[in-house]
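The structure appears below as structure tokens.
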Amino acid sequence: MNVEPIWQPVLLEEENAVTSHREPGEEFLFYRSVAAGLIDAVQDNCSRGAFENMEGVGKLSDNPVTNLRYHFVVTAAMITRFCMEGGMPLEEAFGLSDEYIRRMDCCTNMAEIVYVHDQMALDFVCRMRHLRKNIASSKQVAQAIDYIYVHIMDRITVNELAEAINISPTHLSRIFKQETGISVSEYIRQRKIDMAKNLLRFSNYDFVEIAVMLSYSSQSHFIQHFRSQVGMTPKAYRKQNYLNNWNVNRDSADGIT
């Protein structure tokens, strides 16, 4: 005779019930920075000690070292998922995750775990940056793409980009479209909108702040570009994706090992 399992809710301790958890936006922007190959942003996150800052995160163990170990595994799972979504081959992503979890498992203190975390993040982000650059067949277009990702928050013109990689704007425009299928300006717009979508999904920045961060001339200019690329306004996109994506990705972290 099969006995159906009876669901019983876990009773939260009073201390845990009132713990204030910080918004997940910063963590998700970190994962997206890794997947986008944004080395500078990832290095900044690591140098600030963001991973070891336990304020506002879940308490998974009373032992500080064990608690950090559990958070490391969650981080590895999330980076793995985001990088696979960004085009990293499945076996490579899982292989890296497994390897760094094994390295972390050999650590004996928090400083060692943080060091392995930072090495893992930099390994993933460098691989993703290389993957992004591989869409170009020439060194010059690869350099242009690299420059765009690094300076995505800045106002980038074709002339400035051409000067940065030491070729003429006309030559850059011609070879860029030959190799990527779209113009330099359109590629920049797409990458800015990709970043805007991440900010809308995983942060609480308002539309004016996002427009300023991405160096748009005005909020209306940002909204116009966003609607032309995505087919809806930033407000509609955030309403449709913000909480839903947080719940989906949180659940997925439990399923990736």
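Throughout, read-outs are computed from the coordinates displayed, never taken from laboratory work. Predicted, not measured: the structure shown is a model, and the values here were computed from it. Every residue, glycine among them, receives a Cβ derived from its backbone with ideal geometry; neighbour counts consider all protein chains shown.
The table below lists the values:
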| quantity | calculated |
| --- | --- |
| For segment 23-133, Kirkwood radius (reciprocal of mean inverse C-alpha pair distance, Å) | 14.0 |
| Residue-by-residue Karplus 3J(HN,Hα) for segment 78-94, coefficients 6.51, -1.76, 1.60, Hz, glycine and proline x | 5, 4, 4, 5, 5, 5, 5, 5, x, x, 5, x, 3, 5, 5, 5, 5 |
| Whole-Å distance, taken between Cα centres, linking segment 61-128 and segment 149-219 | 30 |
| q = 0.24 Å⁻¹, segment 139-245: log10 I(q)/I(0) [Debye, one scatterer per Cα] | -1.22 |
| Calculated from backbone phi, Karplus (6.51, -1.76, 1.60) coupling profile of segment 148-154 in Hz, x at Gly/Pro | 4, 5, 5, 10, 4, 7, 8 |
| Cβ-based exposure ranking for Met213, Met153, in which fewest neighbours within 10 Å come first | Met153, Met213 |
| Gain on full stretching of the segment that runs from Val65 to Gln224 - 0.36 nm per residue minus C-alpha separation | 52.4 nm |
| Exposure proxy ranking, count of Cβ atoms within 10 Å, fewest first, for Glu92, Glu55 | Glu55, Glu92 |
| Mean Cβ count within 10 Å, highest first, over the residues of peptides 113-123, 229-239 | 113-123, 229-239 |
| Of Lys133/Lys197; Lys177/Lys239; Lys59/Lys239; Lys139/Lys235; Lys192/Lys235; Lys59/Lys192, pairs whose Cα-Cα distance is over 28 Å | Lys177/Lys239; Lys59/Lys239; Lys139/Lys235; Lys59/Lys192 |
| Footprinting exposure proxy for Asp40, Asp146 (fewest neighbouring C-beta atoms within 10 Å first) | Asp40, Asp146 |
| Three-way shape label, segment 84-175, alpha-carbon gyration tensor, a/c 1.5 | prolate |
| Inter-site label distance for Ser137 and Asn109 at 7 Å from Cα along Cβ, in nm | 5.4 |
| Rounded to whole Hz, the Karplus (6.51, -1.76, 1.60) HN-Hα couplings of segment 214-229, x for glycine and proline | 8, 6, 7, 5, 7, 4, 5, 5, 4, 4, 4, 5, 4, 4, 5, 8 |
| Under 9 Å, Cβ to Cβ, from Leu96 - net charge with Lys/Arg +1 and Asp/Glu -1 | -3 |
| Formal net charge of residues neighbouring Asn166 (Cβ-Cβ distance under 14 Å; K, R +1; D, E -1) | -2 |
| Prolate/oblate/rounded label for segment 133-190 (Cα gyration tensor, a/c 1.5) | rounded |
